Amino acid sequence: MFIDSHAHLTSEQFNIDREETIKRALDAGVHLIVNPATDLEDSLRAIELAEKHDCVYACVGFHPHEARKADEKSLQQIEELSRHPKVVAIGEIGLDFYYDFSPREQQEEVFKAQIAIAQRRNLPIVIHTRESNDATLTIVRDAVTASPEWRSQKATPESRYSAPKGVFHCFSGDVRMAWEVINMGFYISMPGIVTFKKAELATEVASKVSCEHFLLETDSPYLAPTPHRGKRNEPANIPLIAEKIAALQHLSVEDIARATNYSAYRLFGIGEVGKPQFTYALRNSLYVNLTIRCDADCVFCDRKGEAVIKGINLRIEGEPTVEEVIAGIGDPKQYAEIVFCGYGEPTIRLDAIKTISQWVKAHGGRTRINTDGHGSIINKRNIVPELVGLIDAVSISLNSTDPQQYGELMRVDGARFFPAMIEFAKESVRLLPKVIMTVVDLDVVDKEKARRLVEEEIGAVFQTRPYF
Ligand code: SF4
Ligand SMILES: [Zn+2]
């Protein structure tokens, strides 16, 4: 099941077959569609369509092309319309310096006025920007800084993340710009462009930015994906875009659907979050969520908040028993490996790991632990010898090569935990078949130094993992 976060179903291009188009979308598994508006009349049409169809939601606003039509009165009407229960955002709004259909000054004025509406109404915004990334970023940055209370509510009191503020639809920036807009609390989305042959920038962004920051969109009736390029686009084409992003992210189409549906849920409040899961498949591995307890409290971790990864709800109530995990695994041979993780530190449940691994090995499976490397401190003894014959691989988060930075990132005593983690890694290299050490791909982390430490001093496999 997919969500098309951006389809202009109210476009006159759908006048002949709007109902059939919606039906084709549902048949293709696109179960929700967000219809952005381009001006006041279109906002009314979007609401009317959303009233008629459960699966359609509306945005209201003036597209930059139509900015010249927006006056004080019509903007007031947009604000009134935004109170309709099926209106989920102000959009699409922004700047278009490619066509310049409206004077640039007016585009900027109307963009700012509509962000102010969104802020008063505490709604997210859907942004259009073409040949105007710098000007758009400046306006958005100023608006975010000026109004810290806008979308500042959190899903749980301990969440690290506020409600998202909007989406840069048809994102045309580079990875650096993606990084900036994500940090400001925005999602990005790309229509069929990402499937085009010469879309190097789009494919680079779609392979380097985690799918957790993406929404799916068609931008129908425009920008149809390959092999329909040049024809009228429609929401039923969403699977083609999802397939391309899945390939770039080395994930399954289901993973992309789940992650982007969750993004739409957080942004627009539509759809739902799945139930908490003890076991879940990603790529061809099965992950076992043993615990959400952890001895660390990393600055980038949302374990105590929403605890959702790639749309998978890991906020378990209580911890699974050994029997529940074994039942959840089924036949371990159907997976490349069974990975003990959490949204926490799995070695807190060392006995469970040992019992389940024994069963997995006896049934022809392979095992790995994803750990912070503090298992021996947690269990007050060197635990690595106990893993021999049970665990095929260990992945340890190195996080930093500097004890102090390590301590700051993980909010632990770096002087004590850093050497203990290194010792755990060395012992694992000595006794276990495979040891991988990872650092987050952050500018502040000296990756070359980390690689040397991991490969030359410890003798483990070095990997970076995306921070975002
Ligand atoms: S070690 Fe892992 S689970 Fe624990 S706080 Fe850090 S990121 Fe979260
Ligand atoms: Zn659009």
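Any residue at all in the range 151-164 that is under 28 Å from Val308 (Cα atoms), surrounded by 22 or more Cβ atoms within 10 Å (Cβ to Cβ) and either at pLDDT 95 or above or touching a His at 6+ places or on another chain (Cβ under 8 Å) (or both)?
Taking the range 151-164 first, the residues under 28 Å from Val308 (Cα atoms) are 151-164.
Now restrict to residues that are surrounded by 22 or more Cβ atoms within 10 Å (Cβ to Cβ): none.
Checked against the condition, which is being under 28 Å from Val308 (Cα atoms), surrounded by 22 or more Cβ atoms within 10 Å (Cβ to Cβ) and either at pLDDT 95 or above or touching a His at 6+ places or on another chain (Cβ under 8 Å) (or both), the range 151-164 yields no hits at all.
Against the test of being without any contact (Cβ under 8 Å) to a residue 60 or more places away in the chain and farther than 20 Å from Arg465 by Cα, the options Glu345, Glu323 yield a single qualifying residue, Glu323. Checking each residue in the range 186-210 for being in contact with a Gly (Cβ under 9 Å, 6 or more places away or on another chain) and among the charged types (D, E, K, R) picks out no residue at all.
Looking at the range 308-343, which of its residues are under 24 Å from Leu251 (Cα atoms) and of a type in the set (A, V, I, L, M, F, W, C)? Spell out the reasoning first.
Initially, the range 308-343 is screened for residues under 24 Å from Leu251 (Cα atoms), giving 308-316, 325, 328-343.
Val308, Ile309, Ile312, Leu314, Ile316, Val325, Ile329, Ala336, Ile338, Val339, Phe340, Cys341, listed by residue number.
Checked against the criteria, Glu455 counts as in the same structural domain as Ile369 (by TED's automatic domain parsing), modelled with pLDDT of 95 or more and surrounded by fewer than 15 Cβ atoms within 10 Å (Cβ to Cβ).
Among the residues of the range 130-154, those identified as in contact with a helix residue (DSSP H, G or I) (Cβ under 9 Å, 6 or more places away or on another chain) and assigned to a loop (DSSP other than H, G, I, E, B) are Ser132, Ser147, Glu149, Trp150, Arg151. Applying the condition of being of a type in the set (A, V, I, L, M) and surrounded by 22 or more Cβ atoms within 10 Å (Cβ to Cβ) to the range 194-208 and asking which residue is nearest to the chain's Cα centre (by Cα) yields Ala206.
Any chance you could count how many residues in the range 360-381 are within 16 Å of ligand 1 (Cβ to nearest atom), in contact with a helix residue (DSSP H, G or I) (Cβ under 9 Å, 6 or more places away or on another chain) and not β-branched (Val, Ile, Thr)?
First, the residues of the range 360-381 that are within 16 Å of ligand 1 (Cβ to nearest atom): 368-379.
Subset that is in contact with a helix residue (DSSP H, G or I) (Cβ under 9 Å, 6 or more places away or on another chain): 369-379.
Among the residues that remain, those that are also not β-branched (Val, Ile, Thr) are: 370, 372-376, 379.
Here the count works out to 7.
Would you please name the residue that is farthest from the chain's Cα centre (by Cα), looking only at residues in the range 350-369 that are buried (at least 21 other Cβ atoms within 10 Å of the Cβ) and closer than 28 Å to Phe418 by Cβ? Checked the range 350-369; the qualifying residue farthest from the chain's Cα centre (by Cα) is Ser357. Among residues of the range 84-95 that are under 13 Å from Ile47 (Cα atoms) and basic (Lys, Arg), those with a beta-carbon under 6 Å from a residue that is outside any strand (DSSP E or B) and away from ligand 2 (no atom under 15 Å from the Cβ) at least six positions away or on a different chain give the pairs Lys86/Ala50. Gly274 meets each of the listed conditions (1) out of contact with any Ser or Thr (no Cβ under 8 Å at 6 or more places or on another chain); (2) modelled with pLDDT of 90 or more; (3) closer than 30 Å to Ser357 by Cβ; (4) not assigned by TED's automatic domain parsing to the domain that holds Ser395 apart from (2).
Hey, among Ser147, Ser132, Ser102, which residue is more than 24 Å from Ala58 (Cβ to Cβ) and either of a type outside the set (A, V, I, L, M, F, W, C) or at pLDDT 95 or above (or both)? Step by step, each of Ser147, Ser132, Ser102 is checked, and only Ser132 is more than 24 Å from Ala58 (Cβ to Cβ) and either of a type outside the set (A, V, I, L, M, F, W, C) or at pLDDT 95 or above (or both). Counting only helices (runs of 4 or more DSSP H) that sit wholly inside the range 399-468, those with at least 2 residues that are of a type in the set (S, T, N, Q) are 403-410. Among the residues of the range 14-44, those identified as free of Cβ contacts under 8 Å to residues at least 60 places away in the same chain and of a type in the set (Asp, Glu) are Asp17, Glu19, Glu20, Asp39, Glu41, Asp42.
A quick yes/no check of all residues on (1) closer than 18 Å to Asp219 by Cβ; (2) assigned to a helix (DSSP H, G or I); (3) in contact (Cβ under 8 Å) with a residue 24 or more places away in the chain:
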residue: Ala46; (1), (2), (3): yes, yes, yes
residue: Phe62; (1), (2), (3): yes, no, yes
residue: Arg68; (1), (2), (3): no, yes, yes
residue: Leu75; (1), (2), (3): no, yes, yes
residue: Phe101; (1), (2), (3): yes, no, yes
residue: Ala118; (1), (2), (3): no, yes, yes
residue: His128; (1), (2), (3): yes, no, yes
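Selection of the range 279-329 for residues being in a loop (DSSP other than H, G, I, E, B), under 18 Å from Ile348 (Cβ atoms) and away from ligand 1 (no atom under 16 Å from the Cβ) yields Glu317, Gly318, Pro320, Thr321. When Ile16, Ile33 are checked against the criterion of being away from ligand 2 (no atom under 16 Å from the Cβ) and modelled with pLDDT of 95 or more, Ile16 stands alone in meeting it.
If I ask for residues that are among the acidic types (Asp, Glu) and either more than 24 Å from Pro36 (Cβ to Cβ) or within 16 Å of ligand 2 (Cβ to nearest atom) (or both), which ones from the range 250-305 would you list? Result: Glu254, Asp255, Asp295, Asp297, Asp302. Selection of first residues in the range 349-364 that are more than 20 Å from Gln334 (Cα to Cα) and of second residues that are in a helix (DSSP H, G or I) and not polar (S, T, N, Q), restricted to Cβ pairs under 6 Å at least 6 apart or on distinct chains, gives the following pairs, ordered by first then second residue: Ala352/Val322.
The values are calculated or read from the model by the stated rules, or taken from the named source; none is laboratory data. Remember, predicted model here, so these are calculated numbers, not experimental data. Heads up, the Cβs are rebuilt from the backbone with ideal geometry, glycines too, and the neighbour counts pull from every protein chain shown.
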